[in-house]
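The values are calculated or read from the model by the stated rules, or taken from the named source; none is laboratory data. Note that this is a predicted model, so its numbers are computed, not measured. Positions of Cβ are generated from backbone atoms using ideal geometry, with glycine treated the same way; all protein chains shown enter the neighbour counts.
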Amino acid sequence: MSIARLSDLADAATCPRLVIKVGSALLVAKGEPRRAWLEGLVDEIAAARARGQDVVVVSSGAIALGAARLRLPKGGRANLADAQAAAAVGQIALAELWSELLGAKGIVAAQLLLTLEDLEDRRRYLNASATLGRLLQAGVVPVVNENDSVATQEIRFGDNDRLAARVAQAANAQAVLLLSDIDGLYDRDPRQSGANMLPLVRGVTAEIHAMATGGSGSGLGSGGMTAKLLAAEIAERAGIVLAILNGTYDRPVARALDKGIGTLFLPRRKDAARKAWLGGRLRMKGALTIDSGAASALRSGKSLLAAGITSVEGSFHRGDPVAIRDDAGTVLAQGLVEYDAAECVRLLGRSSAEHADILGYAPRSAVVHRNQLVLL
């Protein structure tokens, strides 16, 4: 059995494990938690567990709560130092809130704070995955947030939509529910006359991206429809379903699933675990531009050879992730490179037979091997 419609997300047989992402604007109003709304959502989490589903919560709100307590301007986002301080204060309040409300339903809550590096580094990713798995096995509801008290602009997700998709990968979930302030994805700005909501999307394409508008309307969060589509792409590579639902209603999950109101993104592919992790990486250390022949070879499942590389960007080392682009600048793939950047420059456009003479040692079979590469 597979997920084909929104109502399937409430079926433990088709969706035994799901991730629910809650944004700041839904959880916090005027610096205070929206307790009545949140109690309704906790009721829904308890109901999902009662029907046999594991639930992971990805919760924003720490910066908004902390900023109110510290009386910081601009919701704590005036600068990085304010955001980090607000997160440090607000995360305690956020964890206490979830623990209290879930505890009232007899559910144990756990707090898991993650940084971008925790999910980009393979070993740390596997550690996070093991922790999530053990918590769920123990009947706990993990509450996950980005560790904004230490994250900087260079090493952060920046939105919890993509974090939720990565957490779903790590938790081996079947679905991600993104609670938003809108019913779903529209074919144009929903404020425009004639805008239509798309109930079902099979794969995120360039046309789908063109329908999105970036930014957060509330001013509290850091996401927007563009971030949600990027999250859908991450989920898709792991064969995970993603849904955008309107969270502004009481008991929003039941409303959306019972009435079929929302956008459901069905994946077109399911990469193996390591390739799904690689395809979901957000930060590359460099880029390789390739010619049309190399692009065709990649699409047919072959490795990337130096002969097809036309330019090298960035400072990277063997084993680092790099983007692979065509001559028009479109990113075709990403993978773990077998050579340092300086070595790639020396090998640029040269045939494999020349590599030993150029490098002075026996060369590797490819610049990016097909087993360490994923097409996007």
Among Glu236, Glu207, the single one that is charged (D, E, K, R), surrounded by 22 or more Cβ atoms within 10 Å (Cβ to Cβ) and either part of a helix (DSSP H, G or I) or over 16 Å from the mean Cα position of the chain (by Cα) (or both) is Glu236
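Table: residues versus (1) small (Gly, Ala, Ser); (2) over 21 Å from the mean Cα position of the chain (by Cα).
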{"site": "Arg17", "(1), (2)": "no, no"}
{"site": "Asp43", "(1), (2)": "no, yes"}
{"site": "Val57", "(1), (2)": "no, no"}
{"site": "Ala93", "(1), (2)": "yes, yes"}
- Message: Condition first: of a type outside the set (Ser, Thr, Tyr), touching a helix residue (DSSP H, G or I) at 6+ places or on another chain (Cβ under 6 Å), modelled with pLDDT under 95 and under 30 Å from Leu336 (Cα atoms). Can you find one or more residues in region 104-116 that meet it?
- Response: yes
Pairing a residue in region 76-87 that is assigned by TED's automatic domain parsing to the domain that holds Val28 with any residue that is modelled with pLDDT of 90 or more and β-branched (Val, Ile, Thr), where Cβ atoms lie under 6 Å and the two sit 6 or more apart in sequence or on different chains, gives Gly76/Ile63; Ala83/Ile63; Ala86/Ile63; Ala87/Ile63
Test: residue in region 149-171 that is without any contact (Cβ under 8 Å) to a residue 12 or more places away in the chain, on the phi < 0 side of the Ramachandran plot and not in a helix (DSSP H, G or I): no
ask   = Is it true that some residue in region 274-282 is in a loop (DSSP other than H, G, I, E, B), modelled with pLDDT under 95, among the charged types (D, E, K, R) and surrounded by fewer than 15 Cβ atoms within 10 Å (Cβ to Cβ)?
value = no
Practice prompt. Determine whether Thr310 is polar (S, T, N, Q) and either in a loop (DSSP other than H, G, I, E, B) or more than 28 Å from the chain's Cα centre (by Cα) (or both).
Written response: yes
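To keep it simple, each residue is scored yes or no on (1) in contact (Cβ under 8 Å) with a residue 24 or more places away in the chain; (2) out of contact with any Leu (no Cβ under 8 Å at 6 or more places or on another chain).
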{"position": "Leu264", "(1), (2)": "yes, no"}
{"position": "Pro267", "(1), (2)": "yes, yes"}
{"position": "Ala272", "(1), (2)": "no, yes"}
{"position": "Lys285", "(1), (2)": "yes, yes"}
{"position": "Ser292", "(1), (2)": "yes, yes"}
{"position": "Ala306", "(1), (2)": "yes, no"}
{"position": "Ser311", "(1), (2)": "yes, no"}
Practice problem: Answer yes if at least one residue in region 77-85 is crowded, with 20+ Cβ neighbours inside 10 Å and over 27 Å from Arg124 (Cα atoms), and no otherwise. | Solution: no
Taking region 44-69 and keeping residues of a type in the set (D, E, K, R), more than 17 Å from Ala110 (Cβ to Cβ) and crowded, with 17+ Cβ neighbours inside 10 Å leaves Glu44
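Results for (1) touching a strand residue (DSSP E or B) at 6+ places or on another chain (Cβ under 9 Å); (2) modelled with pLDDT under 95; (3) β-branched (Val, Ile, Thr), shown as yes or no for each residue.
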site	(1), (2), (3)
Arg35	no, no, no
Leu41	yes, no, no
Ile45	yes, no, yes
Ala50	no, no, no
Val55	yes, no, yes
Gly61	yes, yes, no
Leu65	yes, no, no
Arg77	no, yes, no
Ala81	no, yes, no
In the set Gly314, Gly319, Gly293, the lone residue that is in contact with an Asp or Glu (Cβ under 9 Å, 6 or more places away or on another chain) and modelled with pLDDT of 95 or more is Gly314
- Could you check, for region 278-293, whether at least one of its residues is among the polar types (S, T, N, Q) and either out of contact with any helix residue (DSSP H, G or I) (no Cβ under 8 Å at 6 or more places or on another chain) or over 26 Å from Ser129 (Cβ atoms) (or both)? yes
